[in-house]
């Protein structure tokens, strides 16, 4: 069972430069735990005590998982999970 | 150094003026590895605020996917400040997560004269760079 995970430039330090890695799990939470075993520290950039970090976007195929079930979103073989840092800022 | 075609410069300033007093935001895409902005992509400011901007996450996915399909990258990420100078704030610096991009700031605090400045933001460090409009 393999789920493709696309990694943004800024997180490729955790994957030895790879823009795509593979993982397993039946939920997004399990998948991230699996990735963290292979790429230590990656999960902490995506998840904090409250769940998925506020300014990191995670998509299952083409949907933001915030509109699905967050870390409980089911994932399966053949899915693609994409991580994109939110683009934000402002004068304040 | 940011080299930017005149028409893209004008489009960014026009977008900032149009969305004033809310902050405007967007991307200039260009062919991967060439550091040349070619395609203007104004983005929705999901925060719709005079002091904060955030790309809509679904819109951002579509744009990033399209850039990937076209072998492009985000060369410029721009946004406007509507009452303060065109300099990155602490918030701008902490959320600057595209290390290869030029961060362009436009200030629309003056109704007649827009300020347009460009920066590299790497590991929390801001370096202003000259802008050449061609």
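The values are calculated or read from the model by the stated rules, or taken from the named source; none is laboratory data. Here the structure is a predicted model, which means the values were calculated and not measured. All Cβ positions, even for glycine, are placed from backbone atoms using ideal geometry, and neighbour counts span all protein chains on display.
A few points about this structure:
- Candidate set from segment B:5-47 (those that are part of a loop (DSSP other than H, G, I, E, B) and more than 13 Å from chain A (Cβ to nearest Cβ)); member that is nearest to residue B:108 (Cα to Cα): B:5
- Test: residue in segment B:48-58 that is part of a helix (DSSP H, G or I) and either facing chain A (nearest Cβ under 9 Å) or over 11 Å from the mean Cα position of the chain (by Cα) (or both): yes
- Exclusive hit being surrounded by fewer than 20 Cβ atoms within 10 Å (Cβ to Cβ) and farther than 24 Å from residue A:81 by Cβ, set B:75, B:126: B:126
- When A:45, A:6, A:66 are screened for being more than 10 Å from the chain's Cα centre (by Cα) and within 13 Å of chain B (Cβ to nearest Cβ), only A:66 passes.
- Being at negative phi and either out of contact with any helix residue (DSSP H, G or I) (no Cβ under 8 Å at 6 or more places or on another chain) or modelled with pLDDT under 95 (or both) is not true of residue A:52.
- Scanning segment A:24-32 finds no residues that are over 13 Å from the mean Cα position of the chain (by Cα), touching a residue at least 12 places away in the same chain (Cβ under 8 Å) and within 23 Å of residue B:52 (Cβ to Cβ).
- The number of residues in segment B:65-79 that are facing chain A (nearest Cβ under 10 Å) and assigned to a helix (DSSP H, G or I) comes to 2.
- Test: residue B:124 is more than 15 Å from the chain's Cα centre (by Cα) and farther than 20 Å from residue B:22 by Cα: yes
- For segment B:80-92, taking the residues that are facing another protein chain (nearest Cβ under 8 Å) and free of Cβ contacts under 8 Å to residues at least 60 places away in the same chain, the one that is surrounded by the fewest Cβ atoms within 10 Å (Cβ to Cβ) is identified as B:84.
- Taken over segment A:75-92, the criterion of being within 11 Å of chain B (Cβ to nearest Cβ) and either in contact with a helix residue (DSSP H, G or I) (Cβ under 8 Å, 6 or more places away or on another chain) or without any contact (Cβ under 8 Å) to a residue 60 or more places away in the chain (or both) is satisfied by A:82, A:83, A:84, A:85, A:86, A:87, A:88, A:89, A:90, A:91, A:92.
- Residue match in segment A:7-25 (condition: more than 22 Å from residue B:68 (Cβ to Cβ) and surrounded by fewer than 20 Cβ atoms within 10 Å (Cβ to Cβ)): yes
- When residue A:72 is tested against (1) over 12 Å from the mean Cα position of the chain (by Cα); (2) within 14 Å of chain B (Cβ to nearest Cβ); (3) surrounded by fewer than 17 Cβ atoms within 10 Å (Cβ to Cβ), exactly one condition is not met: (2).
- Scan of segment B:97-116 for residues that are part of a loop (DSSP other than H, G, I, E, B), touching a residue at least 24 places away in the same chain (Cβ under 8 Å) and under 19 Å from residue B:11 (Cβ atoms), ordered by number: B:101, B:108, B:114
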